[in-house]
1. Sort 251, 34 by accessible area with a 1.4 Å probe, largest first.
2. Computed FRET efficiency, Cβ-Cβ of residue 142 and residue 43, R0 25 Å: what is it to the nearest 0.05?
3. Under a Cβ-Cβ cut-off of 12 Å, what is the net charge of the residues other than residue 66 that fall near it, where Lys and Arg count +1 and Asp and Glu count -1?
4. Give the accessible area for residue 219 in Å² (nearest 10); use a 1.4 Å probe, count only protein heavy atoms, and leave out ligands, DNA and RNA.
5. Can you tell me the dipole magnitude for the chain around its Cα centre, using point charges on the Cβ only (Lys, Arg +1; Asp, Glu -1), in Debye to the nearest 20?
6. Subtracting the Cα-Cα distance from 0.36 nm times the residue separation, let me have the gained length for residue 215 to residue 257 in nm, one decimal.
7. How big is the gap, in Å, between the Cα center of region 67-124 and the Cα center of region 16-52?
8. In the chain, which Cys residues have no partner Cys with a Cβ closer than 4.7 Å?
Amino acid sequence: METANESTGGDFILVGFSERPKLELILSLFVLMFYTITLVGNVAIILLSILDAGLHTPMYFFLRNLSVLDLCFTTSIVPQMLVNMWGGNKKISYAGCMVQYWVALALGSTECVLLAAMAVDRYVAVCWPLHYTSIMHPRLCHLLAAASWSSGFANSFLQSSMAMVLPLCGNRRVDHFFCELLIIVKLSCVDTGPTESKMFIARLIILGMPVSIILTTYVCIARAVVKMRSAEGRKKAFRTCASHLMVVSLFYGTIMFLYLQPKDNYSQDQSKALAVLYMILAPTLNPLVYTLRNKDVKKAVRSLMGMEQV
């Protein structure tokens, strides 16, 4: 009875990097800088893709969704992280902790599926260019986006529900800089093996299915590119897919290494480093990857600033 009461009240302590004060100070400045860039970059993409008619295409529709995801994802983690780093109080309420890991897991899962939808868009653009407009109809784009968001939040609801019924036994020390679901599960005083196994299967599905779609689409794209006789056509196909491939590699590479590795190989220091990579660095790089060499975006910026050349 006591464990049941303790599982629904009290504060958690986010240890973060407090054992290394100098590293924590440097990291906090690093995080603040990249969070600011994330806000500016993703807000700019969202506004540009809405205001400029030339960017009302399926590719920028999905990119706008990705930017919204990145904004919400980092905002669910970073402000609390900075408060804990700069203040002596490392606590977060029970309710705040539950909301944080539920939202973070939902948005992370959504991004997994959204990247697969973006791969389908790139496949159609390269392999069926003449039918691209008719295939990637706005109705299909909205359907794919809705499937991404709904599946991500459904996965989070499923895993979070399994975690919330586990009793805690007074240990509220979270060895991370945010409330990470797997760590909260490990704080339980009962055998969490069956629960962790079910969560592993859920993670395998939400990661495995999108990865399978991405790999399949890029195999088809590679075959189509090989058959192209024009060197210019192959270059154009590469430019069409390069940004997406970079984002996919960074996101899936870190998240799969972190969440699908055997439990015996789980290192908390490794977990924190990888979490910083995919939660803070990746959302910062996404808008840069998609815009630095993108002529459409540069043209949209010039147009909105009244600098478009006649």
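1. Working: 251 5, 34 35 Å².
The most accessible residue leads, giving 34, 251.
2. Details: r = 22 Å, r/R0 = 0.88.
So the FRET efficiency works out to roughly 0.70.
3. Every neighbour counted, the sum reads -2.
4. Taking all protein chains as shown, residue 219 has close to 70 Å².
5. Details: 26 positive and 18 negative charges, 272 e Å.
Using only the charged Cβ atoms, the result is roughly 1300 debye.
6. Details: separation 42, 0.36 × 42 = 15.12 nm, distance 1.72 nm.
Computed gain between residue 215 and residue 257 is 13.4 nm.
7. Comparing the Cα centres of region 67-124 and region 16-52, I get a distance of 13 Å.
8. Unpaired cysteines in the chain: 72, 112, 127, 141, 220, 241.
The values are calculated or read from the model by the stated rules, or taken from the named source; none is laboratory data. As the structure is a computational prediction, the values presented were derived from the model and not from experiment. Here Cβ is always computed from backbone atoms with ideal geometry, including for glycine, and neighbour counts include all displayed protein chains. In case anyone asks, the SASA skips ligands and DNA or RNA and just uses the protein heavy atoms, side chains included. Shrake-Rupley method; radii C 1.70, N 1.55, O 1.52, S 1.80 Å.
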